[in-house]
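Taking it in order: structure first as C-alpha cells, then the write-up.
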Amino acid sequence: MSVLTVLAAQSPATSGAAVPAGGRAAPSAPSGGAAAVPAVLGADLEVPVKGGRLVRYANLDYAASAPCLAPVRDAVTAALPAYSSVHRGAGYASQLTTARYEQARHTVRSFVGARPGDAVVFTRNTTDAANLLARCLPAGTTVVVFETEHHAALLPWPDAVRLAPPEFPGEAVRAADETLAAIDGPKLLVVTAASNVTGELWPIAALTHIAHRHGARVLVDAAQLVPHRRLNLTALDLDYVMFSGHKLYAPFGAGALVGRADWLAEAEPYLHGGGASTAVTGGAGQGRPPAVEWSADPEQRHEAGTPNVLGAIALAAACDALSATGWIGPMREEERLLGLLRDGLAGIEGVHELSLWGPGHPRVGIVSFVVTGWTARRVAETLSAEYGIGVRDGRFCAHPFVRHLLDGIGHTAAGDCADGTAGAVRASIGIGTTEEHVRRLVAAVADLAARR
C-alpha cells in the first residue's frame, strides 16, 4: 500500500475532525439519517445603525458570497499545522497535505456526481473555470451563450453566438436547437443552472439533450445552484460544470471545473510553470526556449504552481457538510422563507420583482427588485445604515440581462436610468437565514416605499 493511500485513510481530509494515530475520522453524519444543518460563522454579528445602536446583522447577500460554515473552518484549522506543498515532497507534512488535497478532488467529484473519468481542476472561482475551458476549446469551436448569463459565463468567448433572453423555457430550448443545428464543427452551449439575478431555474436537462443531438457539448454554470440543490452531472449527462467555493459556504478562494477530460488533456496548459511540466530540457545558452514536456494528466496540466490547497480542502469540506445534511430539509426551509419574502414584497405598492419567466417559475433563494422613486444604491445603503440589513445592489455582473428585465417593467427610478446604468436590489438567502431576517427586510422596504 502506498504512503499516500495510508495517509488518505488516516487523515481528516475534508471533515477537519481530529484523528488518533492509526485511526479514522468519525463519520460526519449519524447512521440512518441526515446530520443537523451546520452552523454558519457570523450569525451573532452585530452592526451599528443610525442613532448609534447595535443590531444583529441580517445577511441577505448569500448570492454574492455565502458565509463560512463551521465545518469548513474546522477543516482548514485541522489542516494548517501540517500544511505543506503538494505532489513533490517526500516529507510527512507534504505527503499528508497531498493526500488531503487529492481527497478533496475526490470529494468534489462525488459531490457533483461526476463520471469516473471526468477531470476535476481546481480554479480560483467560476470565472477562472470558464476562462480555463475557453483556453481548451478545440480549434474552430463555436460557443453559443444566452445574454442572460453572468459575465463569468458570458465574456470568456469573444466570438460567441449570443442568444436573446427567451420569453419562456421552451423558447430557450427552441433557440438553442435552431442555432446549434446551423453550426458546423465543434460547438459548446453555455447555460446557467440558476440565474444569479432572478434565481430562476433553467431547463438544463432539455438543453443538454438538444445540444448532444447536434453534436455539441454543454458547460453549466452551477455557481448559484449547488448551494441550494443537489446536482448530478452523470444523471443529467452534462459535459462540464463550474462553481465557486465562496458561494458554497467555503470562502477560501477556490472553485472547480469538472467534466470531460479529453479537451483539457489536449489543450495547451492554462498556466505555464512547475507542476504542469514533467520535463524541461535544452535551450540554455542557445538563444532558444527550452523544450517542455507537459503533463498528460488534465488536472496537473492545468494546475501549474503551488495550488490553493486550503481552498480545495475548504471547498471539499463544504461539499461534505451539505451532503451529510441532506437537501430536503434545507430546501423546504428555503422555499418557506422565499415565499414569505416574495409575498411580502409583492404586497408593497411601488415594489416590483424582476422575473424572466413569471412569478410561478421554480427558483432558488434569490429575489431582485426595484422600489419606485429610489435608486438601487440608495435602497441598499439605507437598509444597511438604518436597519442592519445587507443586500446587493447594481447589475450583478449580468448587465445585459438586468437591462432587459428593467426595460420589461418600464423601471424609471429617479436618477437611475438616464445613462443606462440602472440597477436593482437583490436579496438572497441560505443556511443561517431566519424568518426574522426576512420579516425585517419586508418591513424596512415597506417603510422606504412609503417615504417616496
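Structure summary
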| read-out | value |
| --- | --- |
| Residues located in the stretch 44-93, provided they are within 19 Å of Gly311 (Cα to Cα), among the hydrophobic types (A, V, I, L, M, F, W, C) and without any contact (Cβ under 8 Å) to a residue 12 or more places away in the chain | Ala93 |
| Residue check for Glu171: among the charged types (D, E, K, R) and in contact with a helix residue (DSSP H, G or I) (Cβ under 6 Å, 6 or more places away or on another chain) | no |
| Which listed residue is out of contact with any helix residue (DSSP H, G or I) (no Cβ under 7 Å at 6 or more places or on another chain), surrounded by 15 or more Cβ atoms within 10 Å (Cβ to Cβ) and assigned by TED's automatic domain parsing to the domain that holds Ala314, from Leu248, Leu189, Leu233, Leu257 | Leu233 |
| Criterion (assigned to a loop (DSSP other than H, G, I, E, B), under 23 Å from Ala93 (Cβ atoms) and modelled with pLDDT under 95) met by exactly one of Gly305, Gly287 | Gly305 |
| Enumeration of residues in the stretch 75-104 that are surrounded by fewer than 21 Cβ atoms within 10 Å (Cβ to Cβ) and charged (D, E, K, R) | Arg88, Glu102 |
| Exclusive hit being assigned by TED's automatic domain parsing to the domain that holds Ile431, charged (D, E, K, R) and closer than 28 Å to Phe122 by Cβ, set Glu334, Glu303, Glu268, Glu349 | Glu334 |
| From the options Leu231, Leu257, Leu225, residue that is modelled with pLDDT of 95 or more and under 30 Å from Ala291 (Cβ atoms) | Leu257 |
| Residue match in the stretch 78-89 (condition: under 30 Å from His437 (Cα atoms) and either assigned by TED's automatic domain parsing to the domain that holds Arg426 or aliphatic (A, V, I, L, M) (or both)) | no |
| Top-ranked residue in the stretch 290-302 [being assigned to a helix (DSSP H, G or I) and of a type outside the set (D, E, K, R); ranked as nearest to Ala119 (Cα to Cα)] | Pro298 |
| Flag for Val144 being in contact (Cβ under 8 Å) with a residue 60 or more places away in the chain, over 15 Å from Val220 (Cβ atoms) and in the same structural domain as His228 (by TED's automatic domain parsing) | no |
| Test: Arg53 is farther than 30 Å from Ala276 by Cβ, more than 16 Å from the chain's Cα centre (by Cα) and among the charged types (D, E, K, R) | yes |
| Evaluation of Ser65 against (1) of a type in the set (Ser, Thr, Tyr); (2) surrounded by 15 or more Cβ atoms within 10 Å (Cβ to Cβ); (3) not in a loop (DSSP other than H, G, I, E, B) (one fails), failing number | (3) |
| Strands (runs of 3 or more DSSP E) wholly inside the stretch 175-279 containing at least 3 residues that are over 15 Å from the mean Cα position of the chain (by Cα) and in contact (Cβ under 8 Å) with a residue 12 or more places away in the chain | 187-192 |
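The values are calculated or read from the model by the stated rules, or taken from the named source; none is laboratory data. What you are looking at is a predicted structure, and each value in this text was computed from that prediction instead of being measured. When we count neighbours, we look across all protein chains shown, and the Cβ atoms used for this are built from the backbone with ideal geometry, even at glycine.
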